[in-house]
Structure formats: structure tokens, C-alpha cells
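For reference, the structure discussed in these notes is given below.
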Amino acid sequence: MSDSFMVAARIQMSRAGFETWLATPVPGVAAIENPARMYDGWSWHGKETPGQWPAPERIGTPRDHVAQRIEQTCQGQPELTILRHRDGALEAYFFNLGYGTFDHALLILAAAKAFRSDEGEDLALYWAEAAGWLVEPDGSDCLAVLAIGAGRVRFVDSWDLSATVAALTPVQDSYFDLVEAIGADSQGWDWNSERQFFTAAPRDPRFVDPSVLG
């Protein structure tokens, strides 16, 4: 099993809703109606679910959390992040190193329920993948699926993921563009100097909406 974990979602949302979501404090696990059912039905079915989720004050707003991730990645930490508003939707793709690092991403996406632009449901996917590739459409390698609707957010034990995976493919492609950009900066860095590595690639508007960084 990989020690690299991914969380991704594409959530229908207006630009105004996206801006408001960014600035609204995350309510924490209370936004999810059944956190104890997280792994039901997927590849970790039967695994004990997290006993404790982060307190809301540790997360702050989505902007707080993601801006911190971006700056850590600029300094060489492995927290690669795509977060943007494109074609009427919030698009997110988070790389997390180590089990127990996924929960912040799931909680900020769960908080998007109040800002969705239609009455349907969108999915946040959670899976393990060292390179960052999307899950298979059949869900065979998915660890958990969070359904985010305008009125409720819940973990679901089965779902046809094909439409979600297809919608996330351009976001995955941008993630690998980010990996390539950071790699190019790393190759050009003078590692014999005493300076700490720095790359501005994670701040590129292709990868993170400028409003996230203020």
C-alpha cells in the first residue's frame, strides 16, 4: 500500500459561491452525517475509521488551509495542490504524504455543500496512489467516496464513478503539469548553495486560483 494519498473533487459552484466558500470557516466533521461509515463498500471495507478528526479551528477557512499548503510546496514540501474555479465548478486535486493527512482536504470539500449551484450531488474521491493517477472508473482502488449535495454530505458505499473520473481527468493533467514544473525548477536549482530550495510553480494560476493566495 502506498503512503501517498489523494483527495480530488469537481463540485458545481458559481464564482461567487467559490469566493464565499474560500472565506468561510470550516465546520469540521459535523458537516458529514456518517463519518464512521467512511470505508464501507470500498477497498478498505472493514478498516477502522479515524477516531478523531481535526478540530475546525485547526483548519480555519479553505483559503487558510490551501494557502498554507501552497507555501509549503513552494519550499519543497510534498503537498502538491490544484485548487481553482473553472467552467462553473470548484476543482480540487490534493496530494498528501502519509496516512492521516487526508482529513483536512475532505473537510474543506464537505464544507462546500452550502455553496453548490445545483440540486444534485458531486463526489470527493479518496485513494492511495504514489504517482497521483486517478482511481479506476470501477472504483476498485478507491478508499472512500464522499457525496456532497446542497443539503447533505455523506460517505457512500457504492457509486458509479465513471462520470466523476472523466470530469477530473483535466484536473489530473494539471496536477502532472505541476509535477513537471516543480521538477524543472528542482533540476535547475544550485544544490551546492546554502539557500533553501524554492519554486514559484505552485502559485501559478493554472494550478491555484489567485484569490486563494489573496
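The values are calculated or read from the model by the stated rules, or taken from the named source; none is laboratory data. Source: prediction; values computed, not measured. Note: ideal-geometry Cβ built from the backbone for every residue, glycine included; neighbour counts use all protein chains shown.
Remarks
- Segment 32-48 residues that are more than 16 Å from ALA128 (Cα to Cα), paired with ones that are part of a helix (DSSP H, G or I) and at pLDDT 95 or above (beta carbon under 7 Å, 6 or more apart): ILE32/ALA110
- Condition check for ASP118: in a loop (DSSP other than H, G, I, E, B) and acidic (Asp, Glu): yes
- In segment 49-70, residue surrounded by the fewest Cβ atoms within 10 Å (Cβ to Cβ) [restricted to those that are without any contact (Cβ under 8 Å) to a residue 24 or more places away in the chain and under 30 Å from ASP185 (Cα atoms)]: GLN68
- ASN96 meets each of the listed conditions (1) assigned to a strand (DSSP E or B); (2) out of contact with any His (no Cβ under 9 Å at 6 or more places or on another chain) apart from (2).
- Only one of GLY132, GLY149, GLY76 that is within 22 Å of ALA30 (Cβ to Cβ) and small (Gly, Ala, Ser): GLY149
- Single residue of segment 168-208 satisfying the filter (farther than 22 Å from LEU125 by Cα and among the basic types (Lys, Arg)) that is modelled with the highest pLDDT: ARG203
- Complete set of residues in segment 7-37 that are of a type in the set (A, V, I, L, M) and either at pLDDT below 95 or more than 21 Å from LEU168 (Cα to Cα) (or both): ALA16, ALA23, VAL26, VAL29, ALA30, ALA31, ILE32, ALA36
- Selection status of ALA114, surrounded by fewer than 17 Cβ atoms within 10 Å (Cβ to Cβ), closer than 22 Å to ALA150 by Cα and in contact (Cβ under 8 Å) with a residue 60 or more places away in the chain: yes
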